[in-house]
Every structure is written in C-alpha cells, then in structure tokens.
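Step one of this worksheet: look at the structure below.
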Amino acid sequence: MAPATPQNPELDRLYLDNAATSFPKAPGVYEAMLRYGQTIGASPGRGSYREARQGAAVLGECRRLIARLINAQNPDHVVFTLNTSDALNLAIKGIVFHRLRTDPDERIHVVTTAMDHNSVLRPLNALAAMLPGMFKWTRVPVDEEGIADPADIAAAITRDTALVAIVHASNATGAIQPIADVGRACRSKGVPLLVDAAQSVGHLPVDVARDAIDLLAFPGHKGLLGPLGTGGLWIAPGMEDRMDPLREGGTGSRSEHDTQPADLPDKYEPGSHNTVGMAGLIEGVRYVLDRGIDALRAHEVSLIERFIAGLDETPGVRLIGPRNPQRRVAVFSLVFDGTDPHEVAEKLEHDHGLLVRAGLHCAPGAHESMGTTDLGGTVRLSFGPFTTAADVERALAGIAQVAPVSAPG
Ligand SMILES: Cc1ncc(COP(=O)(O)O)c(C=O)c1O
C-alpha cells in the first residue's frame, strides 16, 4: 500500500489577522533586512565610516518615504518608535508633561472617543492615577455604527483641553472616524489633534495637511507592510515645542552637551535605532507608494463588499459596525449567535485553517458601545493587501460551517 501523502497543516493556513500585524510583508522586506544585517551592520550616527553613513541613509530614506505617503513636508519630523503604542505614549505623555512643567497650576484635560484603543486609554488612565485632581479625560460616545460626531468632540473641549486623541479606523469594528472634520474643529479651538492611524496608514489616504492633524501615530508593521517592532510619530512643525521627550540618551549628535538636543528627530530618538527594521520598512512603504493608496483601497473595498454580501447569506452570524464599505476598513467583528467567540476562533483554526482573533481586541469601549462586552467580545477577521477574492470565499465557507444556525426554522 502506498504511504499516505504527508499532510503539512502549515500549507493550508490562511492568515486573517492583518489588524494585529500584516502578513505576509511586501516583496523585498525580509531580503532588505538580511542585506542590512549581513553587509552593512553599522549603527547610524555612531561613526563617519561608510557603513555608518549607509545606515544613516537608510533611516533618512525611510523617513522620506513615510513623509511622502502622509503628505508631510519635513522628513525629520517623522520620529521612529517601537510601534503605535510607543508613539501614542510619547504624544500623550509628552504633551501632558510639557504642560505640567510649563504651567504647573493649570488643570489638564484630554478628549478621546469610546472607540479608542487601550494604547490611548491606558496612558490616559496612568496619567489620571499619577496626577489626581490635576488630570482628567473625557470619552466622547459614538453612534450605533461606532462613529463619533465631530460636534460632540468640539463640545467636549474645555479651556483645560491639551489634546484630542482619536482613532482613525477602529481595530474592533473597522469604523472610520471623520478625522478631517475633527481636525477642523480642533484647529478652530486651538487644540492639537493626535490621530491613532494604527489601522489606517497604508489602507486609507492619510494627509496630515488636508486633515489638520498635529500628531500622527502609526505602525510600520501593519498597513505599511514592514517588520514587527517598527512604528513612528509624525510631529507637526512647532509641536516639538509643546511636547517633552519621554526618554533621554545618546543620539550621536551634539555629544558635548549632556542634555537632550532640541532638534528633530534626535529630541525623541535616544539610543541606537532598529535600522535592520527600517531597511525592511523602506520596502514596505515603497510597495504601498508604488501600488498606490487608491488601488489598495479599491482592492480592499471590493473584498469588503463581497465579504459583507456573503455574511448576509449566512444565518446565525451578525456583523458589528458599518455595512457601507466607504465607512469602514476591512476589519470585521462578528457575533456568532449563542457561541463564545473564543470557541468559534478555535474551530475556525482547527477545522478550516483560518487564523482569526477572538475577544475585546484591546478596545473595551468599542465593545461597550456596540453591546458586545457581555458576549465575550467578537470574532475578528482582518484582510490585507495580499488577501484575495478566493481567500474571502474560503473564509465565508468556513464561517458558514461554524455558524450556529445552518438554516432558518
Ligand atoms: C487602533 C489601534 N491603536 C493602537 C494599536 C497598537 O498598535 P501597536 O501594536 O503597533 O502598538 C493597535 C494595534 O492593534 C490598534 O489597532
């Protein structure tokens, strides 16, 4: 008897968790990282020999490409961070600490929304615990689609408000917030706007000038298709005078001074860089620029349309968040009637090789607003630029089989 063909379960696995980190990455990302590691290796800013200069050129090119993508004028205002959370911490705490240092008697207030991520909420709660009576934050509610009204955000701004922080696209439901209107409202009140672009950069057009954004926190490892451990904060000109660094240290520049330099990016980038990661991130951003945001978005919208149409034919499964593709990105929260989301995710992986996420997805306010907290959250699927129409069909087929109701009545 011929031996059975060995099964490689790895071959049959479909990654649908691009909201956590994109996979696969863009062509050339891993090769560029290997090339840097094997043939350059040096730490930029720490020598004037050729390899150190090549390292500095990698960082400069990465900043330049990101600045182009978000329509920022000065690449030096793109500051590298570990990830989006690190960028959000820098922006939120940097602004609050500056205010505290320069205006110690003033109360400090921050506005955010019910859809915002723990990477905004936890820094805010940490500040509230650290500064009792001095620091407060307001959570603006959202409508049934999970979208905040810019008028409500404007109304929440008080004379103490130092910052408005808003997620661009929800990692729980995919809902897109009207950030351009929020930007206008903030400008008219003279309050800086921080946008959490974790789920939007590389997926949606992001234009810091058009949308009146003052601080943009973004991951390198999601929509920009770069490696894990990369991210950044774009800082509008002048904001650096209103935001303290959270860390100090060597920059390779102005070594005669034992205080942190004031110029960007060094002010916020002490220590050696993740240059290997940035070498990879360059290829990711290049891919996004070459394919074009409009084309990437058109592909994503076509997948959204088909996925929602397929869900409509699947009894027992409910989509949370906007149905209109123009009001969402391809991050889908599903409720499987009467079934625990973790159980569903396990079945989708075990029986269908579908890699999805279950639970609250670090956005407890989103689930409170959508009424999914007591259900244990949702099952989340998220597509990326390499997700195909065939992948969507495969996901829909798996969902239909796991769905608790196979036919009405
Ligand atoms: C909306 C949102 N904000 C912040 C984060 C944190 O991103 P990072 O993992 O890059 O720190 C995420 C991660 O999923 C997110 O979806």
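The values are calculated or read from the model by the stated rules, or taken from the named source; none is laboratory data. All values reported here derive from a predicted model rather than from experimental measurement. Please note: Cβ atoms are built from the backbone with ideal geometry, for glycine as well, and neighbour counts cover all protein chains shown.
Applying the selection to segment 197-226, what residues are within 24 Å of Gly28 (Cα to Cα), away from the ligand (no atom under 12 Å from the Cβ) and in contact with a Gly (Cβ under 7 Å, 6 or more places away or on another chain)?
Residues satisfying the conditions are Gly202, Leu225.
Would you mention how many residues in segment 350-384 are more than 16 Å from the ligand (Cβ to nearest atom), under 25 Å from the mean Cα position of the chain (by Cα) and either exposed (fewer than 15 other Cβ atoms within 10 Å of the Cβ) or without any contact (Cβ under 8 Å) to a residue 40 or more places away in the chain (or both)?
Summing the residues that are more than 16 Å from the ligand (Cβ to nearest atom), under 25 Å from the mean Cα position of the chain (by Cα) and either exposed (fewer than 15 other Cβ atoms within 10 Å of the Cβ) or without any contact (Cβ under 8 Å) to a residue 40 or more places away in the chain (or both) in segment 350-384 gives 3.
Name, by its number, the condition in (1) outside the structural domain of Ile147 (by TED's automatic domain parsing); (2) among the charged types (D, E, K, R); (3) part of a helix (DSSP H, G or I); (4) touching a helix residue (DSSP H, G or I) at 6+ places or on another chain (Cβ under 9 Å) that does not hold for Lys267.
Unmet condition: (1).
Of Ala154, Ala162, which residue is assigned to a strand (DSSP E or B), more than 16 Å from the ligand (Cβ to nearest atom), aliphatic (A, V, I, L, M) and in the same structural domain as Ala217 (by TED's automatic domain parsing)?
Result of the check over Ala154, Ala162: Ala162.
Can you list residue pairs whose Cβ atoms sit under 6 Å apart, with the first residue in segment 248-267 being aliphatic (A, V, I, L, M) and the second being modelled with pLDDT of 90 or more? Count only pairs 6 or more apart in sequence or on different chains.
Every condition considered, the pairs that remain are Leu264/Asp76; Leu264/His77; Leu264/Glu240.
Within segment 229-246, which residues are part of a loop (DSSP other than H, G, I, E, B) and closer than 26 Å to Asp207 by Cα?
Passing the criteria: Gly229, Thr230, Ala236, Pro237, Gly238, Met243, Asp244, Pro245.
Suppose we filter Ser22, Ser85 for residues that are part of a helix (DSSP H, G or I), under 23 Å from Asp116 (Cβ atoms) and either within 16 Å of the ligand (Cβ to nearest atom) or in contact with a Pro (Cβ under 9 Å, 6 or more places away or on another chain) (or both); which single one remains?
Ser85
For segment 63-77, check the following and say yes or no: at least one residue is at positive phi and not small (Gly, Ala, Ser).
yes
Is it fair to say Gly249 is more than 12 Å from the ligand (Cβ to nearest atom) and in a loop (DSSP other than H, G, I, E, B)?
yes
Tell me whether segment 100-108 contains one or more residues that are in contact (Cβ under 8 Å) with a residue 24 or more places away in the chain, of a type in the set (A, V, I, L, M, F, W, C) and either in a helix (DSSP H, G or I) or more than 15 Å from the ligand (Cβ to nearest atom) (or both).
Checking segment 100-108: at least one residue is in contact (Cβ under 8 Å) with a residue 24 or more places away in the chain, of a type in the set (A, V, I, L, M, F, W, C) and either in a helix (DSSP H, G or I) or more than 15 Å from the ligand (Cβ to nearest atom) (or both).
Taking segment 59-78 only, how many residues are β-branched (Val, Ile, Thr) and surrounded by fewer than 24 Cβ atoms within 10 Å (Cβ to Cβ)?
Residues in segment 59-78 being β-branched (Val, Ile, Thr) and surrounded by fewer than 24 Cβ atoms within 10 Å (Cβ to Cβ): 1 in total.
Hey, does segment 65-81 have a residue that's without any contact (Cβ under 8 Å) to a residue 60 or more places away in the chain, touching a strand residue (DSSP E or B) at 6+ places or on another chain (Cβ under 6 Å) and either within 16 Å of the ligand (Cβ to nearest atom) or under 17 Å from Leu246 (Cβ atoms) (or both)?
no
What's the number of the condition Ile95 fails, among (1) surrounded by 19 or more Cβ atoms within 10 Å (Cβ to Cβ); (2) within 16 Å of the ligand (Cβ to nearest atom)?
If we test Ile95 against (1) surrounded by 19 or more Cβ atoms within 10 Å (Cβ to Cβ); (2) within 16 Å of the ligand (Cβ to nearest atom), just (2) comes out false.
Of all residues in segment 165-190, which are part of a loop (DSSP other than H, G, I, E, B) and touching a residue at least 60 places away in the same chain (Cβ under 8 Å)?
Ser170, Asn171, Ala172, Thr173, Gly174, Gln177
Given the condition hydrophobic (A, V, I, L, M, F, W, C), surrounded by fewer than 24 Cβ atoms within 10 Å (Cβ to Cβ) and either within 21 Å of the chain's Cα centre (by Cα) or under 30 Å from Val335 (Cβ atoms) (or both), answer yes or no: does some residue in segment 215-232 qualify?
Yes.
Quick check: is even one residue across segment 385-405 in the same structural domain as Val335 (by TED's automatic domain parsing), buried (at least 24 other Cβ atoms within 10 Å of the Cβ) and not in a helix (DSSP H, G or I)?
no
Among the residues of segment 41-51, is any touching a strand residue (DSSP E or B) at 6+ places or on another chain (Cβ under 8 Å) and of a type outside the set (Lys, Arg)?
So far as segment 41-51 goes, no, none of its residues is touching a strand residue (DSSP E or B) at 6+ places or on another chain (Cβ under 8 Å) and of a type outside the set (Lys, Arg).
Need the failing condition index for Ala57 against (1) small (Gly, Ala, Ser); (2) within 15 Å of the ligand (Cβ to nearest atom); (3) part of a helix (DSSP H, G or I), just the number.
(2)
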